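J.: Dropping a structure here in structure tokens format, bear with me for questions.
The values are calculated or read from the model by the stated rules, or taken from the named source; none is laboratory data. These figures come from a predicted structure and were not determined experimentally. Neighbour counts run over all protein chains shown; Cβ positions are idealised from the backbone, glycine included.
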Amino acid sequence: MISPVNSGLYDIRLMLDQTSQARLFASLVGAPVASRTLYDTMNLTTSFISQEAQSAYAELAAALEQANAGTGSDADLSLAAGDYWLERAGDAATESERLRSYYNALAEYADAEGTAAGQLGLGQVYDALGMAEEATTAFAKAVELDPKSFEARMALGRDYAASDDPATAALAEEQYQAARALDPMKVDVYLALSSFYEAQAKPDEARSILKTGLTFAPADAALRAALAALDEGAKA
């Protein structure tokens with residue numbers, strides 16, 4: 001269910017047609033699908049700070065249009081709304097606005113908690129709020145719901161790797177390797193594994209996995225920089 005609108009929503013301005021904007025705002029405030037006059041009465045002043053928030057809003061608008069047309073699911077709409085509020089939290093100018101956006105994101109993702117994406121969203125919000133135990137539970141549930149989700153595997157791996165408990169941190173490798181098997185073309189997994197091996201005091205493994213990544217993406221600057229940093233550290 002779309003969460004209540006707050007004042008932060010009134011700084012939206014995107015190149016959507018007026019009817020789409022009116023429908024989106026009407027849904028957010030719980031009103032019926034509105035006419036263009038609703039758009040005309042709103043004080044839409046400035047653009048989003050981040051491109052990510054703009055993109056999330058556009059996806060939310062598209063999900064709402066699909067729901068109005070009867071072609072989109074409630075879960076898809078809730079996920080789009082959750083993504084929107086998560087990005088809004090990153091753009092928040094005040095702490096109260098940030099927390100309000102996170103609260104709305106949690107409410108939206110909770111409406112899609114039966115999906116891996118919903119659990120992944122919950123984990124991201126919990127992590128941002130410093131709720132480590134809840135984040136781990138959500139990421140693990142996302143993997144359980146969809147073992148073939150690259151994003152869920154990476155999120156759980158990062159969560160494990162950040163743990164102060166060595167036994168828990170060691171669990172990250174399994175998740176990263178599972179993610180790598182799902183999509184060996186993704187550079188992020190090689191960087192994550194390299195960082196993991198460095199933290200485990202295994203520089204040779206860290207260097208080896210970066211070289212493996214470079215066989216898939218030989219021109220990638222991040223992989224090359226990470227490998228150069230390892231080599232430089234070995235010389236010191």
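J.: Just to check your reading of the model, which residue among 204, 164 is in a helix (DSSP H, G or I) and of a type in the set (Asp, Glu)?
T.: 204
J.: So which helices (runs of 4 or more DSSP H) stay within the range 57-157 end to end and still have 2 or more residues that are of a type in the set (Gly, Ala, Ser) and closer than 26 Å to residue 182 by Cα?
T.: 74-91, 116-128, 132-145
J.: Here's another thing I want to ask about it. When you scan the range 175-185, do you find a residue that is touching a Leu at 6+ places or on another chain (Cβ under 8 Å), touching a residue at least 24 places away in the same chain (Cβ under 8 Å) and among the hydroxyl-bearing types (Ser, Thr, Tyr), even just one?
T.: no
J.: Under 8 Å between Cβ atoms, at least 6 apart or on separate chains: pull out the pairs that start in the range 212-236 with a residue that is closer than 10 Å to residue 187 by Cα and end on any residue that is exposed (fewer than 13 other Cβ atoms within 10 Å of the Cβ).
T.: Sorted first by the residue in the range 212-236, then by its partner, the pairs are 216/185; 217/185.
J.: Still on this model: Going by the conditions given, is residue 175 over 16 Å from the mean Cα position of the chain (by Cα) and more than 30 Å from residue 83 (Cβ to Cβ)?
T.: No; evaluated as a whole, the condition is false for this residue.
J.: Just wondering, is there one or more residues in the range 49-61 that are among the β-branched types (Val, Ile, Thr), surrounded by 13 or more Cβ atoms within 10 Å (Cβ to Cβ) and modelled with pLDDT under 70?
T.: yes
J.: Then there's this: Got at least one residue in the range 73-84 being farther than 24 Å from residue 157 by Cα, surrounded by fewer than 19 Cβ atoms within 10 Å (Cβ to Cβ) and free of Cβ contacts under 8 Å to residues at least 12 places away in the same chain?
T.: yes
J.: Would you please name the residue that is surrounded by the most Cβ atoms within 10 Å (Cβ to Cβ), looking only at residues in the range 185-220 that are of a type in the set (Gly, Ala, Ser) and out of contact with any Phe, Trp or Tyr (no Cβ under 9 Å at 6 or more places or on another chain)?
T.: 194
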